[in-house]
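Asker: A single structure is presented below for examination.
The values are calculated or read from the model by the stated rules, or taken from the named source; none is laboratory data. What you see is a predicted model, and the numbers here were worked out from it, not measured in a lab. For neighbour counting, all protein chains shown are included, and Cβ atoms are generated from backbone atoms with ideal geometry for every residue, glycine included. What goes into the accessible areas is simple: the full protein's heavy atoms, side chains included, and nothing from ligands, DNA or RNA. Shrake-Rupley method; radii C 1.70, N 1.55, O 1.52, S 1.80 Å.
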Amino acid sequence: MQVLKLWLVHFYKKRSNMKYHSVFDIIGPIMVGPSSSHTAGAVRIGNLARRVFGDVPLKVDITLYGSFSKTYKGHGTDVALIAGVLGFDTFDRRIPSSLVIAKDKGIDVNFYFSDEETRHPNTARLKLANAFKQSELVGVSIGGGKVEIEEVDGFKLENIVFNDSLLLILHKDKYGMIERVSNILASWKINISYMQVSRKEKGLTSLMLIKTDEDVKEFLIEEIRSLKDIYNVIFLNI
């Protein structure tokens with residue numbers, strides 16, 4: 001046991017310049033295996049996609065890239081992604097049965113495989129839909145159960161490692177929107193640690209991404225949602 005502890009300390013120090021905060025980020029979360037990157041990370045990607053969608057989907061289309069597309073069966077990436085879409089946690093014993101459970105719920109699940117080169121080999125694109133709406137998320141499992149979000153509904157995101165509270169705000173692209181949202185958070189002493197704004201075209205829809213040091217309560221989300229020219233507000237935390 002002592003040898004294992006010494007090895008972990010040495011391993012962690014060597015990677016101190018990477019996106020890890022503790023030894024447990026390397027080992028991974030409490031989970032149903034076999035792999036923290038291909039299984040636990042995949043559960044979290046699926047869970048994020050469900051929460052962005054905000055409802056129970058009737059159809060799920062998943063495209064796997066790189067290592068995910070080559071080893072998904074052996075590492076349980078397919079059942080892990082669907083488990084996340086169903087709202088299961090990384091340690092839920094129902095993960096191996098998630099495809100059967102989804103079928104019983106009437107959810108149409110389809111997997112596709114791409115040879116397209118991606119920034120990271122553990123990449124998945126999830127499209128969720130029902131009769132009323134659809135959404136799309138591209139997630140990357142970077143190891144130890146940690147995930148990055150690369151894209152939401154066509155908006156490209158940069159360097160978003162998902163280990164903090166995160167607000168996604170869809171709004172009209174116009175002046176004053178950042179100030180209005182920031183003022184609401186500041187009035188309740190919510191500190192913004194990071195912000196990113198992206199748009200597809202001037203004057204149309206923009207995506208404001210905000211990392212906060214504190215959880216954002218539901219009443220604050222509703223207050224932001226009630227602002228003029230706000231289309232949707234999604235709060236994510238794991």
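Asker: Quick one: check the C-alpha center-to-center distance for region 121-165 versus region 167-220, whole angstrom.
Answerer: Using only Cα atoms, the two centres lie 19 Å from each other.
Asker: In square nanometres and to one decimal, what's the mean projected area of the convex hull around the Cα atoms of region 178-238?
Answerer: Values: hull surface 17.6 nm².
That works out to 4.4 nm².
Asker: Something else about it: With a sphere of radius 9 Å drawn around the Cβ of PHE155, what net charge do the other residues whose Cβ falls strictly inside it have (Lys, Arg +1; Asp, Glu -1)?
Answerer: Around PHE155, the charge tally is +1.
Asker: May I ask for the equivalent-ellipsoid semi-axes of region 119-238, computed as the square root of five times each C-alpha gyration tensor eigenvalue and listed largest first in whole Å?
Answerer: Listed largest to smallest, the semi-axes of region 119-238 are 24, 18, 14 Å.
Asker: Here is a further query. Using DSSP to define loop residues, name the GluC sites (Glu not before Pro) in region 85-149 whose beta-carbon has at most 15 other beta-carbon atoms within 10 Å.
Answerer: Passing sites in region 85-149 are GLU116, GLU117.
Asker: Follow-up question, since we're still on this one. Using only the Cα atoms of region 123-183, construct the convex hull and provide its projected area averaged over every direction, in square nanometres to one decimal.
Answerer: Its Cα hull, projected and averaged over all orientations, spans 5.8 nm².
Asker: Right, here's the next one. Jot down the per residue volume, in cubic angstrom and as a whole number, of the convex hull over the alpha-carbon atoms of region 79-151.
Answerer: Convex hull of Cα atoms, per residue: 109 Å³.
Asker: Here's another thing I want to ask about it. Excluding GLY203 itself, what net charge comes from residues whose Cβ is under 9 Å from its Cβ, given Lys and Arg +1 and Asp and Glu -1?
Answerer: +2
Asker: Another one. Compute the accessible area per residue over region 55-196, keeping the other protein chains in place, probe 1.4 Å, unit Å².
Answerer: Result: 49 Å² per residue.
Asker: Leaving ligands, DNA and RNA out of it, report the carbon-plus-sulfur percent of the accessible area of region 108-165 at a 1.4 Å probe.
Answerer: Roughly 44 percent, rounded to a whole number.
Asker: For each pair in LYS70/LYS146; LYS127/LYS217; LYS189/LYS228; LYS59/LYS228; LYS103/LYS133; LYS103/LYS146, compute the distance between the two Cα atoms and list the pairs where it is over 25 Å. Each step should come with its number before you reach the end.
Answerer: On the way: LYS70/LYS146 20 Å; LYS127/LYS217 28 Å; LYS189/LYS228 22 Å; LYS59/LYS228 32 Å; LYS103/LYS133 20 Å; LYS103/LYS146 28 Å.
Violating the 25 Å Cα-Cα cut-off are LYS127/LYS217; LYS59/LYS228; LYS103/LYS146.
Asker: Now for a different question. Excluding VAL138 itself, calculate the net charge of residues whose Cβ lies under 13 Å from the Cβ of VAL138, where each Lys or Arg counts +1 and each Asp or Glu counts -1.
Answerer: Working: positive: ARG119, ARG125, LYS127, LYS156; negative: ASP61, GLU116, GLU136, GLU148, GLU150, GLU151, ASP153, GLU158.
Computed value for this residue: -4.
Asker: Over region 171-210, how many percent of alpha carbon pairs lie in each 10 Å bin up to the one with the longest distance?
Answerer: 28, 52, 19, 1
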